[in-house]
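The values are calculated or read from the model by the stated rules, or taken from the named source; none is laboratory data. As the structure is a prediction and not an experimental result, all values here were calculated from the model. The protein model used for the area step is the full one, side chains on, heavy atoms only, and it has no ligands, DNA or RNA in it. Shrake-Rupley method; radii C 1.70, N 1.55, O 1.52, S 1.80 Å.
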Amino acid sequence: MTASRAHRHGPSPSLARDVHSDVHPGVLAADGHGPVGRIRPGETPMTPSVPANRTHLLRTTVPAHPSRASGVRTMVAEYLKGLGLTPEYVDNAVLATGELFANAIRHGTPGPGLTITVTIECTPRDLRVTVADRSSALPCPRTPDGAEESGRGLAIVAALADDWGIAPPEPGTTGKRVWFALALQGAR
């Protein structure tokens, strides 16, 4: 799928609306070295033995700073491995998430003290990752020449994902959400 075709799809519906979900928002570790999962009181940690007809949801908000990229990639990898996804799907999701996170830092969230929210929604059929920032400037796919060191992020996402697009911000917030989706046929 080309980036321009995927971009025209617009926002797809949230995967969490039609099924029960396990919500596990993330917070920064006390030492500030990246996001860690936080379980709400009364919830249990998710394991691959959680019923397959449920939606698994993880949301974390981190400072919009390049030093947080490694922690975000690690969080995504560990979470998806914990859900029992195959290494190929985990690797593709981690790489695509890293590209969207880098774009949000570089182009989408100017200014100190701002944050980026990463949301992972996983159903038995689909995986969707959304990266939200506070800038309303929309991403613009481009084709860099061979000498440029950047500009390939959205092309990488389009090559790895089954679909991707841009959605408006959550109600009551500013900015945008950029997402990608992977079909999970044989992913477990």
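Things to note:
- From phi via Karplus (6.51, -1.76, 1.60), per-residue ³J(HN,Hα) for segment 157-174 in Hz, x at Gly/Pro: 4, 4, 6, 8, 8, 7, 7, 7, x, 10, 10, x, x, 4, x, x, 10, 10
- For segment 48-108, the carbon plus sulfur part of the accessible surface works out to 53%, probe radius 1.4 Å.
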